[in-house]
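Accompanying notes for the structure given below.
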Amino acid sequence: MGLRRRVAVPLIIGALLVPSAVSAASNDPRFAQQWGLHRVGAEFAWTSATGGGVLIAVIDTGVDLNHEDLKSQLVPGTDFVSGDGDAQDEHGHGTLVAGVAAAATNNSKGIASVAPGAQILPVRAINQDGVGDPDHVRQAIDYSVGRAQELGRKLVINLSLDGLNDEDSDPRPIPLLLADPRVDTAIKNAAGAGAAVIIAAGNTGQATTSYDADRAGILVVGASDRNDGRWQFSSYGPGLDLVAPGVEVVSTWWSRDHGANIYGSASGTSISVPFVAGTASLLMSQGMSSAQALDRILKSAKDLGPPGRDDEHGWGLLDTAAALGVPRTQPTPIPTAPARNSGGSRPRTQATAPAPAAPVESPSPFAVPENLNPPPELAAEVAISPPEGRETTRAINYGSAFLLLLVAAGHILRRFAPGMIGLR
Ligand SMILES: [Ca+2]
Ligand SMILES: [Ca+2]
């Protein structure tokens with residue numbers, strides 16, 4: 001194989017989820033399923049800030065502009081893929097990312113988010129196949145800076161994108177986005193203009209080097225699991241700044257085949273990034289600069305692994321509550337829409353039906369390796385770039401729970417059935 005330098009959205013997507021219990025902190029029906037949100041203590045942070053006045057640019061596959069749990073959160077964005085100004089998601093990835101950061105919260109629909117008072121700027125730079133052009137990403141970054149200035153908002157840029165393996169480079173550096181000089185320049189210009197830029201570490205599972213020692217205003221985020229360990233496919237190394245929940249994270253979703261207002265679960269460093277982007281938004285809404293916010297995020301992270309910074313976990317696990325200086329006591333409903341405790345149904349299972357992430361061979365140098373759409377026959381495979389740079393690709397199949405979940409049939413949970421498939 002020759003050089004393959006593309007951008008990937010490191011994510012594995014699950015099936016639709018049935019609603020779950022109601023919480024005192026939020027009446028969003030899936031709130032109880034949001035283990036990642038609880039792990040970082042976001043609901044406690046809402047007592048201090050919700051992100052008002054901050055724009056989170058989701059530079060991705062677009063966002064479902066009509067999603068019930070997102071549409072109130074959006075400001076008009078654009079589309080650098082088709083150039084038609086319509087940032088509608090045609091893949092699903094961007095909708096998942098957007099929901100974690102800033103889905104409408106306490107609206108009795110769907111999920112809660114880290115920064116419900118922030119607004120989302122949807123910018124489509126990755127196409128329906130998960131493939132993008134670095135120049136589109138560059139344009140999207142520049143555009144986001146301009147939009148934030150136009151709107152008088154502080155800016156956080158969510159880049160749940162990653163270069164796929166640069167096979168001429170061993171070890172692979174992170175963030176590989178900086179390998180493209182156009183994207184590198186745009187990111188650094190944005191950071192220089194006061195934006196916080198949050199980038200996925202990638203899902204290679206490999207040790208990496210750091211691309212660039214000078215990453216002021218930029219954080220590189222890996223994925224942690226429910227046990228607060230590094231997710232096995234989360235890239236790591238000296239370029240990693242911290243980790244955030246990235247396994248079976250529930251969020252808003254879009255799929256061409258599964259109707260409107262859907263939800264899914266996702267695993268990957270892509271879905272970790274918006275936890276950090278949301279937290280940066282909370283801090284910046286309190287008047288911090290991006291530099292101050294990112295510094296606070298690192299200093300308040302919960303140390304994991306060997307004491308102090310280490311290459312597997314960076315400075316540790318994002319702790320949104322600690323970053324905001326808020327104790328993890330009984331959360332208070334966010335002020336905009338008081339929560340009500342209506343008793344709710346029992347939590348239901350969430351079938352994680354990871355969807356395929358085979359990196360798509362493309363003439364374009366950027367790609368998203370996730371395919372979020374479970375095929376109609378209810379079986380899919382997930383491909384994850386393997387550790388050690390081998391040419392094998394781990395594949396995961398999922399079972400037939402998908403439609404059963406659609407009818408909320410109860411406690412149905414199909415776990416991954418591991419398999420192997422060779423790709424490229
Ligand atoms: Ca909601
Ligand atoms: Ca540590």
Collect the residues in the range 310-321 that are near ligand 2 (Cβ under 6 Å from one of its atoms) and among the charged types (D, E, K, R), keeping them in residue-number order. Asp310
Cβ-Cβ under 9 Å pairs, at least 6 apart or on other chains, the range 309-332 side over 24 Å from Ser234 (Cα atoms) and within 16 Å of ligand 1 (Cβ to nearest atom), far side part of a loop (DSSP other than H, G, I, E, B) and among the aromatic types (Phe, Trp, Tyr): Pro331/Trp46
Test: residue in the range 288-299 that is assigned to a helix (DSSP H, G or I) and within 14 Å of ligand 2 (Cβ to nearest atom): yes
Qualifying positions in the range 122-147 - more than 17 Å from Gln88 (Cα to Cα) and within 18 Å of the chain's Cα centre (by Cα): Ile141
Residue by residue through the range 110-136, note down the ones that are over 26 Å from Leu318 (Cα atoms) and either in contact (Cβ under 8 Å) with a residue 60 or more places away in the chain or surrounded by 24 or more Cβ atoms within 10 Å (Cβ to Cβ) (or both). Arg124, Ala125, Ile126, Asn127, Gln128, Asp129, Gly130, Val131, Gly132, Asp133, Pro134, His136
Restricting attention to the range 107-126, the residues that are in a loop (DSSP other than H, G, I, E, B) and either in contact with a helix residue (DSSP H, G or I) (Cβ under 9 Å, 6 or more places away or on another chain) or aromatic (Phe, Trp, Tyr) (or both) number exactly 11
Is it true that some residue in the range 165-185 is touching a strand residue (DSSP E or B) at 6+ places or on another chain (Cβ under 9 Å) and without any contact (Cβ under 8 Å) to a residue 12 or more places away in the chain? yes
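Values in this text are rule-based calculations from the coordinates and carry no lab data. Because the structure is a prediction, the values reported are computed rather than measured. For neighbour counting, all protein chains shown are included, and Cβ atoms are generated from backbone atoms with ideal geometry for every residue, glycine included.
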